[in-house]
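First comes the structure, then the notes that go with it.
The values are calculated or read from the model by the stated rules, or taken from the named source; none is laboratory data. Note that the structure is predicted; figures quoted are calculated from it, not measured. Cβ placement follows ideal geometry from the backbone for every residue including glycine, while neighbour counts extend to all protein chains displayed. Ligands, DNA and RNA are stripped out before the accessible areas are found, and what is left, the full protein with its side chains, is counted by its heavy atoms. Shrake-Rupley method; radii C 1.70, N 1.55, O 1.52, S 1.80 Å.
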Amino acid sequence: GECGACTVLVDGRPINACIALAATLDGSSVVTVEGLATHEGALDRLQVAFLAFVAAQCGYCAPGMLAAATGVLDAGSQGRDEIERGLAGNYCRCTGYKHILEAVEHVAVGNCETGDCGDCGNRGRTKHIASEASVLRVTGQPGYIADSLDSEMLHGAFVRVACSRAAIKSIDATAAEAHAGVVKVLTGADLLREGSIPRFGSQVDDEPILAVTETKYEGEPVAAVVAESEHIARAAAALVRVDYEELPPIIDRAAALSSPPLHGPGIGGGNLYGESNVMGEWLFESGDMEEAKAASTVIVEDVYRAPFAHHFAMELPGCIARPEGAGVVVESPVQHPFALRRALATMLELPESDVRVKATPIGGSFGSKGYPKLEPVTAALALELGASISVQLTAEEAFLYAQREASDIWMRTGFDDDGVIQFHEVEADFLIGAYTDISPRVVSKAGLHAVTPYRTKARKVRARALFTSTPSTTAFRGFGATHTVFALESQLDVGAERLGLDPVELRLRNVLDRGDEIYGDRPADGNWSELVATTADAIGWSTPKKAGHGRGLAVGLKSCVPATKSSARVVLHRDLRVSLHVGTTEMGQGTHDTLRSFVAGLLHVDVTQVMVADPDTDTVPFDALTASSRSLVHMGNAVEAACHSVLEQLRDAVPQSTLPGEPPRGDPSELDIHDDLLSTWHALGGEEIVGEGIFQAPVDESHFLGGPAPFYE
Ligand code: FES
């Protein structure tokens, strides 16, 4: 009854299906999203408006939102206030509601018959591109992980300890194992391999699949109950008795720096594990600090703190694992299926080819579903019991699953009389939680680019990752940049005030421009001062503010992940349809649709003829990850290369004389794939044409991050 995603219409009235007893609906009409379309195959005008206004991104909230909106419209609501009130019980985590409200208002206010008539002033923001994936989202059809459950599966639930840190004395599962429907209760002791609990990670294999002797954050699983249903598994998990002793928590910077190490030695190899709670430390220095300090007349110094945060996605974390052949198949709404395959293969000591990851559509992620979390323990349970096992978390458990790092950033900045930045000194401590996850990359990159958008004569930046007894953190949106941008831009605002300068003017005097050198990375690749000026204009910077209103402008910079690879396969079928095989996952960002449009443009076919295959490590070629805003550039280039390969094969195989219209022999991108060309190809014995393409971002082993930033954002 919390999120509204299950809203249906009962006798025309929106209700939450999850809290309605089915028996009470006897004799009522129940309309779900499947019932909204007015006749076979046609979309309802609200569904069309949702497409036109891009009101469904990941699509997880869309069925409930559409049902609720239908109820609002059927009640005769027209004004924005009434629409907002009508949708107040429906959460969306992707759109910020703006597009949804615009879509509903478009239909309500304009009395729009079609959903994208464009006749009223409130026009749709795109002509809808008949995207297969988008249509699925507004018709409730994507196969999310929770749609993949079947009656043959077993279900897992975890036993958790409710304190920040605990030494486990004993676990008594007698009552749970006696519960009807329980198949097995497994503790860490049952899953040891050569005396050690299997551990996983994306950078360091330090996270145990179940805690054995000590829990290092509140809620860390100590046992798994496997049962015939999720309900039974959860009920039985509550019967497991854990005898434990509370240990001193480590939940802030001071405690992290003064407490004995959370982890013992021997975990994590050659880093600082076992010596302190400093997981890693990165230093960045340039310029003559003494000279820069001597030239400074205004010095701003402060500390900026940000708490842990969880970016909640409407689709709760879940996964399914089953043994297959000599290995395991894992289905999961994971952003990076190939990275997950590698982590699972390492942990399970299996060849990568014996681990198959099928990435299901993602109902929102924001970074939380990037790296291995639930999958390792689920895969281990499936292999241990030789059964197909589903683990689906609750909303409460989702908050234990991944966090954004908390940060504590001290910054001192010196300006001269003209507002020119002379130096920055930065000590940025990031609290990363109990296990490493991807934090060495997050924290080191945050340090590298802590002061990047501006010229500076001298810098001294120290970034540290500190262990705390809290849920482990991961790469949420912004990858560490959000924390340092907050600190740096606050410094600039205070500096502007002290100098008596307009904050925009101060930024214009310092911001880098195309070609300017960037410490430790590729030069600036945009006209950033122009962007600052344009943005200031766009928000009416020089016009008076309305009473009671504030206004702010900040510059944020993040570099795209370096040195990664994408590969794509394009299959041109005999019927002129095209299959695109890519490892890029779709979480509402629209990359699949954009890649389809690339293929359509390059092969001169209609976009509706291009189908994107589901990301599956057994059937699509390798892609490093779907993150860092890299997919359009990296995978886009791989797709282009694959399309060119298809065109080259056609060009080289089909004798020019047989072609009507005499297409050029040179640039394959000029080649027009049309019926005659294909008939000639097929008459010559040609079958499906398969093109492969690869894009590799530059690798430079001397570069701190393994290669220069492919681009800046
Ligand atoms: Fe609403 Fe993703 S589109 S939650």
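In the complete set of protein chains, residue-level accessible area for Glu82 is approximately 80 Å², probe 1.4 angstrom.
Listed peptides 576-582, 382-388 appear in the order 576-582, 382-388 once ranked by packing, highest mean of other Cβ atoms within 10 Å at the front.
Expressed in nm to one decimal, what extension gain is obtained for the pair Glu324 and Ala395 from 0.36 nm per residue of sequence separation less their Cα-Cα distance?
Working: separation 71, 0.36 × 71 = 25.56 nm, distance 3.04 nm.
Taking Glu324 through Ala395 to full extension adds about 22.5 nm, to one decimal.
What value does region 393-477 have for Rg/Rh, both radii from Cα atoms and Rh as Kirkwood defines it?
On the way: Rg = 16.1 Å, Rh = 14.3 Å.
We get a ratio of 1.13 for region 393-477.
Normalising by residue count, region 1-41 has a Cα convex hull of 75 Å³ per residue.
The spacing between region 131-203 and region 325-383, judged by their C-alpha centroids, is 13 Å. One quarter of the surface of the convex hull around the alpha-carbon atoms of region 454-499 equals 4.9 nm², the direction-averaged projected area.
Where does each of 509-515, 341-347 land if you order them by average Cβ count within 10 Å, highest first? Could you put the intermediate results ahead of the total?
Values: 509-515: 16.7, 341-347: 21.1.
Highest mean packing first, the order is 341-347, 509-515.
Using only the Cα atoms, what convex hull volume per residue in Å³ does the chain have? The partial results should precede the final answer.
On the way: hull volume 144.4 nm³, N = 713.
In the chain, the Cα hull volume divided by residue count equals 203 Å³.
Annotation: Ser679 carries an accessible surface of approximately 70 Å², with a 1.4 Å probe and no ligand, DNA or RNA atoms counted.
Would you mind putting 523-532, 21-30 in packing order, based on average other-beta-carbon counts within 10 Å, highest first?
Numbers: 523-532: 16.4, 21-30: 9.3.
Highest mean packing first, the order is 523-532, 21-30.
Equivalent ellipsoid semi-axes for region 322-455, as square roots of 5 times the alpha carbon gyration tensor eigenvalues: give them largest first, rounded to whole Å.
Working: eigenvalues 347, 46, 31 Å².
Semi-axes, largest first: 42, 15, 12 Å.
Solvent-accessible surface (1.4 Å probe) assigned to Arg199 amounts to roughly 80 Å². Each label was represented as a point 7 Å from its Cα along the Cα-to-Cβ direction; for Val30 and Lys169 these points are 4.9 nm apart. Global dimensions of region 550-664 from alpha-carbon coordinates: Rg and Dmax equal 17.5, 70 Å. A helix-only calculation puts the chain at -8000 deg cm²/dmol for mean residue ellipticity at 222 nm, using -39500 (n - 2.57) for each DSSP H run of at least four residues, averaged over all residues.
For the chain, what's the relative contact order in percent, using C-alpha pairs closer than 8 Å and at least 6 residues apart? Once normalised by length, the contact order is 12 percent.
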